[in-house]
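S.K.: The structure that follows is given in the form of structure tokens.
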Ligand code: GDP
Ligand code: MN
């Protein structure tokens, strides 16, 4: 889960990393009020889950509340690479003498957290890495040993302020189960104070259950509404842009089903994994999610019975069809444990608009035909 800058800064504040005082605003009037409260010049910053806001015109300095209101009106509604600005972060403006870069990421190859630092901050880090790799300092942290000051010194040298921020950022990274904590720019003011001017934080989704306070920060309005609905229902769902709705049990089989629909000449409307179970509840939830997509013209239900028995899944499908009002045809392929029993159950009940096909390819061809 990616955090907005203002959320990342709230997190930094909890770990005692210096950030500017600021306020959230959703209208120009609120931006003016925030500037009045903060006093003096402010920065008006678009809150969108994408980088490079500065270059895209999403970060503007404002001299006074009037100016803040005007700048806010100009930034709200702006489309920054497909992200429409609905929220602004108004913070007290900083004077900048130097812009640096500091981050902790997870280096999956090395299976270790990686600290990166450069005094060439402010620009995109990929650019520094490509054009001036010698300016980018990289040090891994042994996760068993944890962070030690020598590691920080190897990364940034002996500046005590910066060293303290590195240690705090590393703590923030591990204690929040983050996969990224990035400060770009980490500034030095003319008075020599080191300070985080931006915050980019990603929390590992798999660890969110340990951080209910952070999980609450998820902005469902920014996500695709169907995907948000699926998440609420606990269904693994990714929207695609075709017309054949797909439901499989297990991620591998669901991926294969997406492929076989393409082989059969169709276009998948989604990826949807029912998971291990085949209970009526699970099937109802998944069908509800898939059927909400107005582009879906047919549904392909591909089940391989292992621990989940096909006769149970078949009963689950029948129970689900009683509860969900489906207007599109559904094609079922059952194989594996108790497949024959499952097919018999479906054939005998013979619900309208449901066909059973013997193989995955047959089922895909039929679903593609029905979607045409
Ligand atoms: P990004 O473009 O999305 O990474 O947004 P940033 O928060 O990094 O802001 C972009 C740039 O705006 C920074 O690199 C700074 O140069 C400038 N900026 C942001 N905040 C301030 C501030 O308080 N004072 C000044 N002078 N410039 C700022
Ligand atoms: Mn930045």
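S.K.: Would you point out which residue out of 153, 218, 171 is out of contact with any strand residue (DSSP E or B) (no Cβ under 8 Å at 6 or more places or on another chain) and within 27 Å of residue 88 (Cα to Cα)?
M.R.: Going through 153, 218, 171 in turn, just one is out of contact with any strand residue (DSSP E or B) (no Cβ under 8 Å at 6 or more places or on another chain) and within 27 Å of residue 88 (Cα to Cα): 218.
S.K.: Test each condition in (1) surrounded by fewer than 18 Cβ atoms within 10 Å (Cβ to Cβ); (2) within 21 Å of the chain's Cα centre (by Cα); (3) modelled with pLDDT of 95 or more for residue 83 and report the one that comes out false.
M.R.: Going through the list (1) surrounded by fewer than 18 Cβ atoms within 10 Å (Cβ to Cβ); (2) within 21 Å of the chain's Cα centre (by Cα); (3) modelled with pLDDT of 95 or more, residue 83 breaks only (3).
S.K.: Considering the range 23-42 alone, what residues qualify as being buried (at least 21 other Cβ atoms within 10 Å of the Cβ) and either modelled with pLDDT under 95 or closer than 30 Å to residue 177 by Cα (or both)?
M.R.: Result: 25, single match.
S.K.: Given the options 37, 131, 69, name the one that is over 24 Å from residue 158 (Cα atoms), away from ligand 1 (no atom under 16 Å from the Cβ) and in contact with a strand residue (DSSP E or B) (Cβ under 7 Å, 6 or more places away or on another chain). Write out each step before concluding.
M.R.: On the way: 131 fails: in contact with a strand residue (DSSP E or B) (Cβ under 7 Å, 6 or more places away or on another chain); 69 fails: in contact with a strand residue (DSSP E or B) (Cβ under 7 Å, 6 or more places away or on another chain).
Every option except 37 fails the conditions.
S.K.: Hey, another quick one. Residues of the range 88-120 being assigned to a loop (DSSP other than H, G, I, E, B), surrounded by 15 or more Cβ atoms within 10 Å (Cβ to Cβ) and away from ligand 1 (no atom under 11 Å from the Cβ), which ones?
M.R.: Hits for the range 88-120 are 119, 120.
S.K.: Considering each residue of the range 361-372, count those that are part of a helix (DSSP H, G or I) and over 32 Å from the mean Cα position of the chain (by Cα), and give that number.
M.R.: Counting residues in the range 361-372 that are part of a helix (DSSP H, G or I) and over 32 Å from the mean Cα position of the chain (by Cα) gives 7.
The values are calculated or read from the model by the stated rules, or taken from the named source; none is laboratory data. Keep in mind that what you see is a predicted model, and the values were worked out from it rather than measured. Glycine gets a Cβ as well: all are built from the backbone with ideal geometry, and neighbour counts include every protein chain shown.
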